[in-house]
Amino acid sequence: MSAGQQAAGAPATMTAGAPVLPSPRSEQAPGLTDGDWQPVLAAIRGASSVDLVCHVLPDGDALGSALAAGIALRSLGIEVRVSFGDDPQVVPGSLEFLPAQDLLVPASAVPERPELLITFDVADPQRLGLLRSRAEAAATAVVIDHHASNGGFGTYQLIDPAAPATAVLVDELLRRLGVPLDRDIATCLYTGVATDTGSFRYAATTPATHELASRLLATGLRHDLISRRLWDTQSFGYLKVLAAALDRAVLERGAADGLGLVWTWVPYADLTAHGVLPEEIEGLIDVVRKASEAEVTLVLKEDPDGSLRGSSRSKGAVDVAAACGALGGGGHVYAAGFTSHSTVDTTVARFRDALPPH
Ligand SMILES: [Mn+2]
């Protein structure tokens, strides 16, 4: 998210008291050119059938982006399927309010050789899960993403690491396709942008992000209800899992060149004991990373097969994408992850050793 640190497109200075002319719309994808968009728009306009897919265990940006594009392309008379490659394919409870879920089909219902397939928020083909072979067999595959770690697969790439969310790029796509925002599309896009900006708090949030939020709210969407569901709704079982994880947390003041590391882990048994689903603890790291003594946060979540999914965060001084990359993962500079097949202690040691000097 380093490029997102800069307020791209914003004036460098603004004289106090000077009149600010209203702008109907800000550039949402400054990292992409007309030449990047043109072949993608042509491919969509020429397609009779499009498959829109996001990453496994989708978050609000991934599924919101795919569904928003699905509503829009359906309005253009294109046959649309939305999918992600989990089996079983389960929409997280926190995203059940998203509209147009009638567009969702299981991975097996996506054609084995799609005419046109577009991926959303997928930084790596592995994140396609069961849909990977279909994406690779597509006559045309388009990658729409904002992960700096995206190595670029498929036929065409619309990747802008400066964009705070993939949903921002979808807004730009719809503008270029001439599809107006309606409340359903806006609900999907708002969910994506709010998810990836931590409700407009993270550094990648720019004036253009708020301008987009303004246009989305103008459709009449219920941002209060979306926010309550995304940020302020958890089961009682989650509170118990959180309590155990906090009790298990370790503060290493000397790690990260003395900037500090706080880490914890969640055994799968904790989830089963309290009837909590893996997706429900995705936000647990946001509590752990509050520790003021630590620049870097690491949370390891055990999967049923014993492997550990690591999530890490940095407050700005350390590139955790580099550390996660050393463990076979990747992501953004301040938010990244990996999967480990080692023990908790070994995994933490490898992560600690991989933290780059600042
Ligand atoms: Mn995203």
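The values are calculated or read from the model by the stated rules, or taken from the named source; none is laboratory data. Only a predicted model underlies this, so the values are computations on that prediction, with no experimental measurement involved. Cβ coordinates were reconstructed from backbone atoms using ideal geometry, including for glycine residues, and neighbour counts include every protein chain displayed.
General observations
- Which listed residue, of Asp121, Asp182, Asp224, is of a type outside the set (Lys, Arg), at pLDDT 95 or above and within 16 Å of the ligand (Cβ to nearest atom): Asp121
- Residues located in segment 209-221, provided they are touching a Lys or Arg at 6+ places or on another chain (Cβ under 9 Å) and part of a loop (DSSP other than H, G, I, E, B): Thr219, Gly220, Leu221
- Unique match (being of a type in the set (Gly, Ala, Ser), at pLDDT below 95 and assigned by TED's automatic domain parsing to the domain that holds Gly77) among Gly198, Gly192: Gly198
- With respect to (1) over 19 Å from the mean Cα position of the chain (by Cα); (2) in contact (Cβ under 8 Å) with a residue 24 or more places away in the chain; (3) assigned to a helix (DSSP H, G or I), the lone exception for Asp102 is condition (2).
- Subset of segment 160-204 (residues that are over 23 Å from Trp37 (Cα atoms) and over 12 Å from the mean Cα position of the chain (by Cα)): Arg183, Asp184, Thr187, Ser199, Phe200, Arg201, Tyr202, Ala203
- Leu130 within 20 Å of Ile71 (Cβ to Cβ) and more than 11 Å from the ligand (Cβ to nearest atom): no
- Residues (within 14 Å of Ser26 (Cα to Cα) and assigned to a helix (DSSP H, G or I)) located in segment 175-208: Arg175, Arg176, Pro207, Ala208
- Residue count, segment 189-207 (criterion: of a type in the set (Gly, Ala, Ser) and more than 11 Å from the ligand (Cβ to nearest atom)): 4
- The lone exception for Asp257 - which of (1) part of a helix (DSSP H, G or I); (2) in contact (Cβ under 8 Å) with a residue 60 or more places away in the chain it fails: (1)
- Test: Ala62 is closer than 19 Å to Ala138 by Cα and either modelled with pLDDT of 95 or more or not assigned by TED's automatic domain parsing to the domain that holds Tyr190 (or both): no
- Count - residues of segment 49-86 that are in contact with a Leu (Cβ under 9 Å, 6 or more places away or on another chain), more than 16 Å from the ligand (Cβ to nearest atom) and assigned to a helix (DSSP H, G or I): 5
- Every residue from segment 225-245 that is surrounded by 13 or more Cβ atoms within 10 Å (Cβ to Cβ) and aliphatic (A, V, I, L, M): Ile226, Leu230, Val241, Leu242, Ala244, Ala245
- Residues in segment 72-97 that are surrounded by 24 or more Cβ atoms within 10 Å (Cβ to Cβ) and either closer than 17 Å to Val170 by Cα or of a type in the set (Ser, Thr, Tyr) (or both): Ala72, Leu73, Val82, Ser83.
- Qualifying residue in segment 24-45 (condition: among the polar types (S, T, N, Q), without any contact (Cβ under 8 Å) to a residue 60 or more places away in the chain and more than 21 Å from Ala137 (Cβ to Cβ)): yes
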